[in-house]
Number of protein chains: 2
Amino acid sequence: MEVIWDMRLNEGVEWAMHCCLTLAWLGDEEPISTARLAAGYELPPPYLNKQLQALVKAGIMTSTPGVRGGFRLAQPLAKITLLDVVMAIEGPAEAFHCTDIRERGVGAEKAAWQFRTPCAISTAMRTAEVAWRRALAAQTLADVQAVVDRRIPHQGDVIRRWYAQG
Amino acid sequence: MEVIWDMRLNEGVEWAMHCCLTLAWLGDEEPISTARLAAGYELPPPYLNKQLQALVKAGIMTSTPGVRGGFRLAQPLAKITLLDVVMAIEGPAEAFHCTDIRERGVGAEKAAWQFRTPCAISTAMRTAEVAWRRALAAQTLADVQAVVDRRIPHQGDVIRRWYAQG
């Protein structure tokens with residue numbers, strides 16, 4: 001198995017954000033199934049379901065089992081930040097993973113106290129990670145919805161009509 | 001070949017930054033080979049070489065062929081930002097890749113003009129990407145080296161001694 005390192009967010013992040021917006025436009029009347037959300041974006045249902053389950057686990061959605069079951073938002077969009085969704089789908093790991101290569105080779109000869117503070121490269125990279133996370137945390141899905149509603153005023157109607165067709 | 005979605009930077013980013021610092025500590029007297037840099041951090045030479053070639057391609061290092069060949073810094077550390085190294089190793093792609101799922105399913109019924117502006121999710125995610133890149137661009141490898149030199153004053157000596165043993 002060849003692993004390709006790729007600094008890309010899982011495509012599930014895009015799917016999850018769109019599904020949250022769709023549930024908000026549909027209102028909270030009844031839960032929406034994976035099958036219908038998948039059809040609404042032409043996505044593979046099993047893989048979308050995996051992302052939706054991750055959102056449930058993170059407290060962003062709730063799920064109801066059964067034939068008429070499905071997903072609902074657990075919180076209003078104004079309470080869900082982009083960071084919440086990214087963390088739910090990607091997990092908490094930082095983009096830069098320090099493997100402390102400074103302790104190997106040349107470093108193996110150095111005294112242990114020299115490694116008590118984190119590697120300066122790791123610290124510098126973390127500064128950028130924090131900036132990224134802050135920018136994600138500063139934006140909620142309600143902000144995103146407001147942009148769409150301003151640009152495409154009938155977006156909610158289009159979605160409600162499509163889902164009403166069953 | 002299995003592609004693993006993983007919002008992780010390639011481990012070559014860490015290797016590349018350490019190698020740049022090592023070349024700076026060693027001074028500019030002679031090029032350093034992949035084999036010696038790999039030994040200095042106990043890294044796999046072929047894969048490290050791939051990263052070093054990417055740094056050459058990006059204008060961060062120069063390479064000299066031949067038995068006594070190897071790598072030199074093409075620029076002083078103060079001119080190399082963390083973003084330069086990340087882009088050299090990872091390429092220019094953004095972490096969030098918008099696949100425009102808004103145009104599928106429900107969206108397929110909508111008029112084309114509604115998709116002329118970028119998806120609001122994509123725009124919001126880009127704000128965070130820009131914050132991350134700015135934070136990386138605001139830090140040079142000279143800044144990182146200064147932190148190390150302050151914490152571990154003999155770091156340069158240790159490295160020079162180890163490499164002098166040849």
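Please state which of the following conditions A:Arg160 fails to meet, knowing it meets all the rest: (1) assigned to a loop (DSSP other than H, G, I, E, B); (2) of a type outside the set (S, T, N, Q); (3) out of contact with any Lys or Arg (no Cβ under 8 Å at 6 or more places or on another chain); (4) closer than 30 Å to B:Thr117 by Cβ.
Single failed check for A:Arg160: (1).
Based on this model, can you work out whether B:Ala146 counts as assigned to a helix (DSSP H, G or I) and closer than 21 Å to A:Gly12 by Cα?
No.
May I ask you to verify whether B:Ala88 is buried (at least 16 other Cβ atoms within 10 Å of the Cβ) and within 7 Å of another protein chain (Cβ to nearest Cβ)?
Answer is no for this residue.
Do we have B:Gly27 as open to solvent by 30 Å² or more (accessible area, probe 1.4 Å) and either out of contact with any His (no Cβ under 7 Å at 6 or more places or on another chain) or more than 13 Å from chain A (Cβ to nearest Cβ) (or both) here?
Yes: the conditions hold for B:Gly27.
If a residue must be open to solvent by less than 30 Å² (accessible area, probe 1.4 Å) and more than 8 Å from chain A (Cβ to nearest Cβ), how many such residues does region B:123-141 contain?
Counting residues in region B:123-141 that are open to solvent by less than 30 Å² (accessible area, probe 1.4 Å) and more than 8 Å from chain A (Cβ to nearest Cβ) gives 2.
Among the residues of region B:95-108, which ones are more than 7 Å from every other protein chain (Cβ to nearest Cβ), of a type outside the set (A, V, I, L, M, F, W, C) and open to solvent by 60 Å² or more (accessible area, probe 1.4 Å)?
B:Glu103
I need the helices (runs of 4 or more DSSP H) fully contained in region B:1-86, keeping only those with at least 3 residues that are touching a Leu at 6+ places or on another chain (Cβ under 6 Å).
B:12-26
Can you tell me which residues in region A:109-122 are open to solvent by less than 30 Å² (accessible area, probe 1.4 Å) and in a helix (DSSP H, G or I)?
A:Gln114, A:Ala120, A:Ile121, A:Ser122
The values are calculated or read from the model by the stated rules, or taken from the named source; none is laboratory data. Note that the structure is predicted; figures quoted are calculated from it, not measured. Cβ atoms come from the backbone with ideal geometry, glycine included; neighbour counts cover every protein chain shown. Accessible surface areas use protein heavy atoms only, side chains included; no ligands, DNA or RNA. Shrake-Rupley method; radii C 1.70, N 1.55, O 1.52, S 1.80 Å.
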